[in-house]
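What follows is a single structure, written as C-alpha cells, with notes after it.
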C-alpha cells in the first residue's frame, strides 16, 4: 500500500526522535529494569508463599468486587440522572462527582471519622449501648471494597454519561414505536449501546483499584489485611522480608503483568457501537416515583459527598478528642498548627515543586506525543503512543519500584528527581489523552488551509492546531498537577529525608496516630481539591476533560 | 493565473480513491470540474494539486513548472494556491479579518496593504464590514465566503474547490453557486472544482472531467458531456440514463436479451452492430397508452413528473409533461426518441 | 546573608535526624535547637521505629546511612545497631546527670526521657480506676479495654515480653487479660482516640499521650500501676558515618541539656534527668517503679512473646 503523503518536514522527524528517546528513558527503561530484576525464576518461585497468595487473592477480591459495584452504581446513577426527568440534575451531577475530587486516602481518613472505631456513628452507637464493639467496622475487606467503589464510581458515571449521549434518540424512539415500554427500551436499546463503555470502565476501575495503596493501607493494615501494594510497601518500608528489593520487584512484575493485560484487553474491547442514526434522546419520565427517587438521590449524595468532609471538619475543629461538640470546644488552632508545622510546609513545598514540574514536563511531552500520533503517519507512532499510555495501566506501586531500581544505579535514589520522573511516567498519559482528542477534533483542513496560505507544516501547527488544542494541554497539565500534588502511592515508596510529599506527610501522621493533625490536613486537602479541581472544571466546562472520550 | 497539468499521474491508495494514469490539462483561466461518485479519485486529484499527496508515478505541473514528480517536489505552502474546503476551514480562533489576512501576513505584506487587500477580498465575496466578527457568529454560507476570500486574497495561481457547497442547504447552495460563477469569471482565476453533484459541475464548469474508479473517462464541455457521453457510466452518472443490454440490428432497431425488438428514432452515432449497451435519458422517452409497460410509480416534480415504468424486465425512468395523468398499474408503451449505443469491446 | 551579631558563630552545616518522635514534637525540638545553633540545619525524617531500622539497613547496603542522629524508641533496637557497628561512641555534656540504667555503659547511646506504659481511663465511664495491672482482669472491664498490637508497636512487643518475664504477672496474667476480651488496635494513637471518644473505658498506652489529652480537656486520665511500669528511655545515638560530627554532637548535647529536657517536660514527657521537674500530673523520675528485665533476654524473646500473644488472641 503506497500512501504517498507529502514528505514530512525535518521538524517532525526531530520531534519524533526526541519524544521517543524521552519516553524510552522515562517508561521503557524503568519497566525493563523491573522485569530484568523481578522476572527471575527463583524470585517468582519465592512468590508462592501463603502471604503472597493471600495478598494476591485479597487484591483480586477487593478490586474485582469494588470495580463491579462501582460500575453498576455509576451506570445506574448515570441512567437516573442523565436519562430521566429527575430534577436538579446539575446539582446531582456535581454532588456525585465530589468523591472523585478527594484523593482516596484522604477520603479514607474522612470515612474513618464517620464510620471508624471512634467515628461518629460507632461512638453514638457505643454510647447508646455501652458496647465497645462498633456498629460498623470499616477495617478489612468490606470497608476497603466500599471505599474503593466509592472513589471509583464517578469514572463509570462519566463514561456511561458519554456513551449515553451517543445513543441516538431515533433508535430509542424506534423501540418505543415498535411497542417497547420505557424499561424495555432501556434494556433492549440503551444498555446494549453502552455495554462496551461499561466493560471498558470495569477494566479501568479494576486496574485503578488494584493499584490503590492509600485505602487498603489505612483500612487493611490495622487488621493485617494485606493487598499487593501494601505488601510491597511493607517489604520495602517495613522491612518484613530478607531481600526486600528482590521480593518487591517480583511482586511488581506480577502487578505489571496484570495491569498490562487489562490495558490490552481494554484497548481491544473498547470499540464503540456506531450508527448513523441521529437525534437527542428524550428523558424518560419517572412518573410517580420521581419524588421518592429524588429524595433517595439526595440522601445518598449527602452521605457520599458531605458526610466525610463534615466529619473531617468537626474532627479538625474540635479542641481535643472526646470533648463534647459545643461552640466553646471548637477551635481553628489544630488546623493552624497542622498546616504551619515545618513538616507540612516542607511536604507542601515538595509536592508543589514536584507537581509543577510534572505538569510542565507532562504538558510538553504529552502535547508532542498527541500531535505526532494524530497528525503524522510513521511506523514509530504506534510505539510512541503505547509507551506514553501504558504507564496508566501500571499500578503506582509498580512505577515506584521500577524507579527505585532505575534510580539506584543513576544515583538519583533518595532525591526529588526520582519522584519527579516517576510522576512524569505515571501521569503523562493524562495529557496525551486530553490533547489527543482535542487535536483530532481540529479538522486537518484547518491546517491544510494554513499551508496553502503559505505556512510550513510546523507553522500551520503553531498557528492553527496549537492555539485550538492549548486549552486541552492546560487542562491535561492541570489534571497532572492536581493528581500529583495529592499523590501518595508512588511517593510513599520513593520519599527520603527531606523529600516527603504532602500525601506522605499526612499518611505518616495518620499512621503515627497523630489523628488531630492528619484530620486537619485531610480536611485542608479535601477542601483545596474541591475548590481547585472544581474551579478547573468550571473553567473548562463542556470540554469533556473528565470524559472517557 | 496558471495552467495546471497532470502527466500520467498515478497514486495507489488503500481502500479506494486512488488514481491511475491521469492526463489532464486545465488551461490558464479555465474552470474545470472533477466529477465522479465518492471513491472515484476526484478529491485525490485535487489534493495532488494542493500538495497534500504525492504521486507514485507521473508529474503535476503548475504554470508549466513541475511541483510534484520523480525529481520535483514543491510543498503546499510554496504552490501559491487558494483552496476552499467542504467544511469551511475557517479558523475558529481568529476573527474574519485575521483569517483572510493570514496568507498576506505569511507573505510579509505590509500592514496597510494587508488591510486594503482584506477589505477588497471581503467585498469581493460580499462580506464588507465583517472584519471583526468571530467565525462562530457567522452562518455556514458566510463562513464559506470567508474561506473564499482567504483563498483569493493572494491572487493565487489557481483556486481549488473541494465540494465547497456540500454542507449548505439547497437554496443557499444555488445562490452561492451563481455568485461563485460570476466571481471567477470576473477574476479570471484558474479553478479546479471537485464535486459529486452533476448539476453543479455542468452549471459552473467550462469543462467537466468525469472520473470513474480512478481513471478519467471523459473530459468535455458540459453540453457535449450531456449529449454525447463517452461511456455508459458517464451517460448514467451525468444524465440519469437507463442502460439496456441490447443487440443492435441496424437502422435504429435493437433487440433485448430474449429477442424482443424495439426501435429508437434517433441514434446520433451509429456505433455499429452486435451486442452492446443502449443508454436512454428520461427526457428522451415518451409514453403512449396501451402496451407492455406498467406504471409503477409517479413522482411529481413541479414542471415535470417522473414516471417509473416496468417494461420487459427493465425499469425505465421517464420524464413526462406535468399535465399528463398516470395511474399506477396503467398500461403504457414507451417510445424511444433518442439513445446512445455503446457496442461492447 | 547578613546575620545579627554573634549568631553567625558556632557550628554550622546540615544534619539529618531519624526519629520515631511524633512529628510535632520533633519539629518543636528542632526549632528549640535552632534557637541555640541557628547555623545547623536539621532535616527530620519521622517514621515508626521498625521502618526506620529498615531504612537504615537498606541505606547501609546501598550508599551508607543518610542520617546523622537517631532518636527512637527502645534500647533493644539500639543494642542491635550498636552490635553492627553503626554508632559512634560519644558521651554528651551533662550525661553525668543521667542514671546509669538509662544509658549505654559503653557510651554508644544515651537516654533522653522516660516513656512508661500505663493504664489510661475515660473519666466519664470510670470513677474508680484500676490501680494495678491485675485489676485489668476484673470482670468489670470485660470488653472495655483497648491496647496496642505488638505487631505494630515495638513498645507493645517489648511490653509483652516484659510482662511475661515478671513473676508477679507472667503468662498467667496475660492469658487472663486476653480472656477479658480487650480490643487490640494498631498503636498507642488508636488507644488514645478510643479512650477519649469513649470506645474504651480503660486502655494500655504510653503515659504522655494520656497527659496530652488530659491537658487539652479530653475526659481522660491515667494511673501508674502498683506493680511498676514497662518503661523505655528513648535513646539517642550518632551514626558512625556522620559527615558532620560536631553538629550531631551538639544536637545530642542539646537533647539532654537543661533546655532540651525542659522542652521534653513541656511535651509532657518525664525527663531523663532527675534534676528536672516532671510535667504536671506525672510522678518524678525517681518515684516511678520500673518493671525491670534482662535486656538481652527480652530482646531475644520478643518475637516469641508476640507470636504467643497473637496465638492467645486468635483462640
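Every number in this text was worked out from the coordinates using simple rules, so none of it is lab data. The shown structure was predicted, so the numbers you read here are calculated from the model rather than taken from an experiment. All Cβ positions, even for glycine, are placed from backbone atoms using ideal geometry, and neighbour counts span all protein chains on display.
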Report task. In vacuum, with every alpha carbon of region C:245-301 counted as one equal point scatterer, what does the Debye formula give for log10 I(q)/I(0) at q = 0.23, 0.27, 0.29 Å⁻¹? Two decimals, please. Result -> -0.86, -0.95, -1.02
Query raised in the report: So in region B:4-230, what percent of DSSP beta bridges are antiparallel if you round to the nearest 5?
Result: 50 percent
**Report entry** Mean ellipticity per residue at 222 nm, deg cm²/dmol - from DSSP H runs of n ≥ 4 across the protein assembly as shown, formula -39500 (n - 2.57)
**Finding:** -15500 deg cm²/dmol
Requested in this report: May I ask for the Kirkwood hydrodynamic radius of chain C, worked out over all distinct Cα pairs and given in angstroms to one decimal?
Outcome: 20.3 Å
Query - Beta bridges per DSSP with both ends in chain C, % antiparallel, nearest 5 - result: 60 percent
Query raised in the report: Using just the C-alpha positions of region A:309-385 as equal point scatterers, what log10 of I(q)/I(0) does the Debye formula give at each q in 0.15 1/Å?
Result: -0.70
Query raised in the report: Of the peptides A:33-46, C:17-30, how do they stack up when ordered by the mean number of other Cβ atoms within 10 Å, highest first?
Result: C:17-30, A:33-46
Report summary line: For region B:280-345, the Cα gyration tensor yields equivalent-ellipsoid semi-axes (√(5λ), largest first, whole Å) of 21, 14, 10
Query raised in the report: Using the Kirkwood formula over every pair of different C-alpha atoms, what hydrodynamic radius in Å results for region A:346-505?
Result: 16.5 Å
Requested in this report: May I have the extent of the alpha carbons of region A:382-427 along their three principal axes, as whole Å values ordered from largest to smallest?
Outcome: 32, 18, 15
Report summary line: Averaged over the residues of A:509-518, the number of partner chain Cβ atoms within 10 Å of each residue's own Cβ comes to 6
Query raised in the report: When the C-alpha atoms of region B:4-230 are aligned to their principal axes, what extent does each axis show, in angstrom, from largest down?
Result: 48, 42, 32
Query raised in the report: With N residues in the protein assembly as shown, what two-decimal value do you get for its Cα radius of gyration over 2.2 N^0.38 Å?
Result: 1.25
Query - Neighbour-count ranking [beta-carbon atoms within 10 angstrom, fewest first] of A:500, C:280, B:330 - result: C:280, B:330, A:500
Query raised in the report: Using 1/(1 + (r/R0)^6) with R0 = 41 angstrom and r between the beta carbons of residue C:99 and residue A:125, what's the FRET efficiency to the nearest 0.05?
Result: 0.30
Query raised in the report: In the P(r) worked out for region B:190-272, what percent of Cα pairs fall beyond 16 Å?
Result: 59 percent
Query - Semi-axis lengths (Å, descending) of the ellipsoid that matches the C-alpha gyration tensor of region A:159-207 - result: 25, 10, 6
Requested in this report: For helix C:170-179, report the angle its Cα long axis makes with the longest principal axis of the Cα atoms of chain C; keep it between 0 and 90° and round to the nearest 10°.
Outcome: 70 degrees
Report task. Can you work out the PRE-style zone for residue B:185? Point 7 Å along Cα to Cβ, and I want the residues of region B:113-155 with backbone N under 12 Å. Result -> none
Report summary line: Label model pair residue C:215, residue C:297: point-to-point distance (7 angstrom along the Cα→beta-carbon line) in nm is 3.7 nm
**Report entry** Highest average packing first - C:126-133, C:260-267, C:111-118, Cβ atoms within 10 Å
**Finding:** C:111-118, C:260-267, C:126-133
**Report entry** Residue order, fewest to most surrounding Cβ atoms within 10 angstrom, among B:71, B:42
**Finding:** B:71, B:42
Query raised in the report: What's the FRET efficiency of residue B:265 with residue A:290 using the Cβ-Cβ distance as r and R₀ = 56 Å, to the nearest 0.05?
Result: 0.15
Query raised in the report: Under a point spin-label approximation (7 Å from Cα along Cα-to-Cβ), what is the residue A:337-residue B:328 distance to one decimal in nm?
Result: 9.1 nm
Query raised in the report: Between residue A:170 and residue B:223, what is the FRET efficiency for a Förster distance of 41 Å, r being their Cβ-Cβ separation, to the nearest 0.05?
Result: 0.40
Report summary line: Here the percent of antiparallel bridges among DSSP beta bridges lying wholly in the protein assembly as shown, to the nearest 5, is 70 percent
Report summary line: Mean-square fluctuation maximum in Gaussian network of chain B, Cα pairs under 10 Å, restricted to B:178, B:157, B:241, hits B:178
Query raised in the report: Roughly how crowded by other chains is peptide A:456-464, in terms of the mean Cβ count from those chains within 10 Å of each of its Cβ atoms?
Result: 3
Report task. Rank these for me by crowding, A:206, A:91, C:45, going from fewest to most other beta carbons within 10 Å. Result -> A:91, C:45, A:206
Query raised in the report: How would you classify region A:17-94 from its alpha-carbon gyration tensor, with a ≥ b ≥ c the square roots of the eigenvalues: rounded for a/c under 1.5, else prolate if a/b is greater than b/c, otherwise oblate?
Result: oblate
Report summary line: Expressed in angstrom and ordered largest first, the alpha-carbon extents of region A:58-240 along the principal axes are 63, 42, 24
Query raised in the report: In vacuo Debye scattering of region A:411-549, one point per C-alpha: log10 I(q)/I(0) at q = 0.22 Å⁻¹?
Result: -1.24
Report summary line: In whole µm²/s, the translational diffusion coefficient that Stokes-Einstein assigns to region A:265-405, given a Kirkwood hydrodynamic radius over C-alpha pairs, 25 °C and 0.890 mPa s, equals 111 µm²/s
Query - Peptide C:192-205 - average C-beta neighbours from other chains (10 Å radius) - result: 5
Query - Normalised convex hull volume, chain A, alpha-carbon set, Å³ per residue - result: 179 Å³
